1. Go through segment 68-172 and name the trypsin sites (Lys or Arg not before Pro) that are in a DSSP coil and have 15 or fewer other Cβ atoms within 10 Å of their Cβ.
2. How big is Rg to Rh over the chain, alpha-carbon atoms, Rh as the Kirkwood inverse-mean-distance radius?
3. Charges at C-beta only: +1 for Lys and Arg, -1 for Asp and Glu. How large is the resulting dipole of segment 149-207 about its Cα centre, in Debye rounded to 20?
4. Towards the positive end of the charge dipole of the chain, with charges on Cβ (+1 Lys, Arg; -1 Asp, Glu), say which of Y130, G185, C97 has the farthest Cα.
5. Using only the Cα atoms of segment 174-239, build the gyration tensor, take square roots of its eigenvalues as a ≥ b ≥ c, and label the shape rounded, prolate or oblate: rounded if a/c is under 1.5, else prolate if a/b is larger than b/c, else oblate.
6. At a Cα cut-off below 26 Å, give the lysines reachable from K23, other chains included and same-chain residues fewer than 8 away excluded.
7. For segment 102-239, with every protein chain kept in place, what is the accessible area per residue (1.4 Å probe, Å²)?
8. Averaged per residue, what accessible area in Å² does segment 19-60 show with a 1.4 Å probe, protein chains only?
Amino acid sequence: MAEQNVRILRSGDQALVAEFGNKIDPAVNDRVHALEMKIRGACVPGVTQLVPTFRSLLICYDPAVTGFEQIKAAVEQLSQDLDSMQAKEHRTLLIPCCYGSHFGPDLKDMEDYTGLSREEIISIHSGTDYRVYMLGFLPGFVYLGGLDERIAMPRLSTPRVRIPKGSVGIGGSQTGVYPLDSPGGWRLIGSTPLEFYDPEREEPVLCRAGDTIRFYPVTSAEYYDIHRMAAQGKFDPFL
């Protein structure tokens, strides 16, 4: 137990949080997903939903079936020997991105801030495999880890009122994709033609926590071609 350093906290009267560590780290996130797998496999009575985050797992339960102490005891038992578990097979998604122009209005500012050329920024951003640490803020908004510090960028001092869905942005040391039109303060460097959230789809959210995303540059013509293919269900982003 001490090896895992799990901390269990109440979260209202129908949930608890199993917390691992106090930093964003792949090994910590692996333990979060390992515990999620073990709870699902054990079919713990009363558990209704599991929500993995950067360093913790939210465990929701039905108070008519079980209670905090029962779930806590089950979680303490299941959180042992997580490091010995075989990691679940993560999916990899190849995400097309049209960089710059009206798709990425902040790319020029990034050149000035980082001292890198447009081509270097694009090469660095698209040359990294990003872990989907968690989903949040909006349905399907991915918080991605692994951004190269050379292209880390502070958020806008004044957020935009409307960011178009599909926009690919950088905020601090993270990168992500806006799944819906929304306000936001991240620096926009490009856009993807893929829908990260579609309520009409069988699985509305494109990604899952634990997946890997790899961006690749496309031209504006390719962007619109892929958009049409995706709308017809003819584009598969999974590697």
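1. K88, R91, R155
2. Looking at the chain, the ratio lands at 1.02.
3. Roughly 480 debye, rounded to the nearest 20.
4. Positive-most Cα among the choices belongs to G185.
5. Taking the square roots of the gyration eigenvalues as a ≥ b ≥ c, segment 174-239 is rounded.
6. Output for K23: K38, K72, K88.
7. Averaged over the residues of segment 102-239, the accessible area is 49 Å².
8. 45
The values are calculated or read from the model by the stated rules, or taken from the named source; none is laboratory data. Predicted model, so just to flag it, every value in this text is computed and none were measured. All Cβ positions, glycine included, derive from the backbone under ideal geometry; neighbour counts span all protein chains shown. With ligands, DNA and RNA removed, areas are computed over all heavy atoms of the protein, side chains included. Shrake-Rupley method; radii C 1.70, N 1.55, O 1.52, S 1.80 Å.
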